[in-house]
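Visitor: My questions will all concern the structure given below.
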Amino acid sequence: MKKAHFSFFLAILFCVFFVHEADAQRYSKKKKQKNRFGAGIVAGVNVSQIDGDLFTGFNKVGFRGGLESAIYINKRLDIVLGLLYVQKGSKTDSNLNFTGDIPPNTEINLDYMEVPFLLSLKFGKEGRNGYALETGFSYARLVNSQINVTEFPDKVTYSDLIDNLNSNEFNIIFKFDVVFTEKFKFGILTEFQLNKLYEINSDDIRPSNQGGPPQIEFMRNYLIGLQVGYRFF
């Protein structure tokens, strides 16, 4: 996993250098025609939860960041593509005690490489003092997963889920950006998974008359994020 992180950040550094050099050449040649493509970096923070894990609240905090590119269709419409590292998951409330069915201090950590595809509709002055509405889809690949939990025989079992998580994720995204300058923007987004992170086999569902703690029958990711972006060109 450390090698994957290292390779990812090396790719970011290479792309940053590349777009910087491309930007410098563009200005040195004094092109009069506006560039039809843009590229930059984004970074931010997520608060997330997993529907179906029996937890409540957006208690899990994670990082999001990576590369973003844009194709400028016209002054009102862009196509936005990205390559992001996104941390998701869920965490029990810090006030949870031993009285319920859920083990306290349980945390699900999920790390993804995500490729979003968005349409961006821009309003206000072109390139500054405006805002944009973005919506679209993303594909994400689970690159690391970990469940931190202390199991109890009379509570929900979580550790067995780790080997049965879906590595492929398809999401729908809604995003609102405030555009301060041609290069700098700030946005808030929400993202939820269309397929399921986990689903129990129907043969493994325990009849309700057998008693015991509830079972995890399915799980699906949800998140809310804040993100800043800087475009090199």
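The values are calculated or read from the model by the stated rules, or taken from the named source; none is laboratory data. Since this is a predicted model, take the numbers as computed values, not measurements. Note that we place each Cβ from the backbone using ideal geometry, even for glycine, and neighbour counts take in every protein chain shown.
Visitor: Only one of these conditions is not met by F152: (1) among the hydrophobic types (A, V, I, L, M, F, W, C); (2) part of a loop (DSSP other than H, G, I, E, B); (3) touching an Asp or Glu at 6+ places or on another chain (Cβ under 8 Å). Which number is it?
Guide: (3)
Visitor: Tally the residues that are in a strand (DSSP E or B), at negative phi and more than 11 Å from the chain's Cα centre (by Cα), restricting the search to region 110-135. Explain how you work it out, then say what you get.
Guide: Let us first name the residues in region 110-135 that are in a strand (DSSP E or B), namely 110-124, 130-135.
Checking which are at negative phi leaves us with 110-123, 130-135.
Adding the requirement that they be more than 11 Å from the chain's Cα centre (by Cα) leaves 117-123, 130-135.
Of the residues in that region, 13 qualify.
Visitor: A further question on this structure: Within region 154-170, identify whether any single residue is modelled with pLDDT under 95, surrounded by fewer than 15 Cβ atoms within 10 Å (Cβ to Cβ) and hydrophobic (A, V, I, L, M, F, W, C), and answer yes or no.
Guide: Looking through region 154-170, at least one residue is modelled with pLDDT under 95, surrounded by fewer than 15 Cβ atoms within 10 Å (Cβ to Cβ) and hydrophobic (A, V, I, L, M, F, W, C).
Visitor: Given the criteria within 22 Å of D93 (Cα to Cα) and of a type in the set (A, V, I, L, M), does I162 qualify?
Guide: Details: within 22 Å of D93 (Cα to Cα): yes; of a type in the set (A, V, I, L, M): yes.
Yes: the conditions hold for I162.
Visitor: Filter region 36-85 for residues that are in contact with an Asp or Glu (Cβ under 9 Å, 6 or more places away or on another chain), more than 19 Å from G130 (Cα to Cα), outside any strand (DSSP E or B) and touching a residue at least 40 places away in the same chain (Cβ under 8 Å) and give the result.
Guide: Once the filter is applied, which keeps residues that are in contact with an Asp or Glu (Cβ under 9 Å, 6 or more places away or on another chain), more than 19 Å from G130 (Cα to Cα), outside any strand (DSSP E or B) and touching a residue at least 40 places away in the same chain (Cβ under 8 Å), region 36-85 yields G52, L54, F55.
Visitor: Go through region 75-113 and give me each residue that's modelled with pLDDT under 85 and of a type in the set (S, T, Y).
Guide: Of everything in region 75-113, those that are modelled with pLDDT under 85 and of a type in the set (S, T, Y) turn out to be S94, T99.
Visitor: Would you confirm whether any residue within region 86-107 is in contact (Cβ under 8 Å) with a residue 24 or more places away in the chain, assigned to a strand (DSSP E or B) and either closer than 17 Å to F232 by Cβ or in contact with a helix residue (DSSP H, G or I) (Cβ under 9 Å, 6 or more places away or on another chain) (or both)?
Guide: There is no residue in region 86-107 that is in contact (Cβ under 8 Å) with a residue 24 or more places away in the chain, assigned to a strand (DSSP E or B) and either closer than 17 Å to F232 by Cβ or in contact with a helix residue (DSSP H, G or I) (Cβ under 9 Å, 6 or more places away or on another chain) (or both).
Visitor: Of all residues being among the hydroxyl-bearing types (S, T, Y) and under 28 Å from F37 (Cβ atoms) in region 180-229, which is surrounded by the most Cβ atoms within 10 Å (Cβ to Cβ)? Just the residue, please. Talk me through it step by step, then tell me what you get.
Guide: The initial filter retains those residues of region 180-229 that are among the hydroxyl-bearing types (S, T, Y), namely 181, 190, 198, 202, 208, 222.
Filter once more, keeping what is under 28 Å from F37 (Cβ atoms): 181, 190.
On the way: T181: 11, T190: 13.
That would be T190.
Visitor: Could you check region 11-66 and list, in sequence order, the residues that are small (G, A, S), modelled with pLDDT of 55 or more and either more than 28 Å from the chain's Cα centre (by Cα) or closer than 25 Å to N164 by Cβ (or both)? Even if it seems obvious, please write down each step before you answer.
Guide: In the first step, residues of region 11-66 are kept if they are small (G, A, S); the result is 11, 22, 24, 28, 38-40, 43-44, 48, 52, 57, 62, 65-66.
Imposing the further condition that a residue be modelled with pLDDT of 55 or more reduces the set to 38-40, 43-44, 48, 52, 57, 62, 65-66.
Within region 11-66, S48, G52, G57, G62 meet the criteria.
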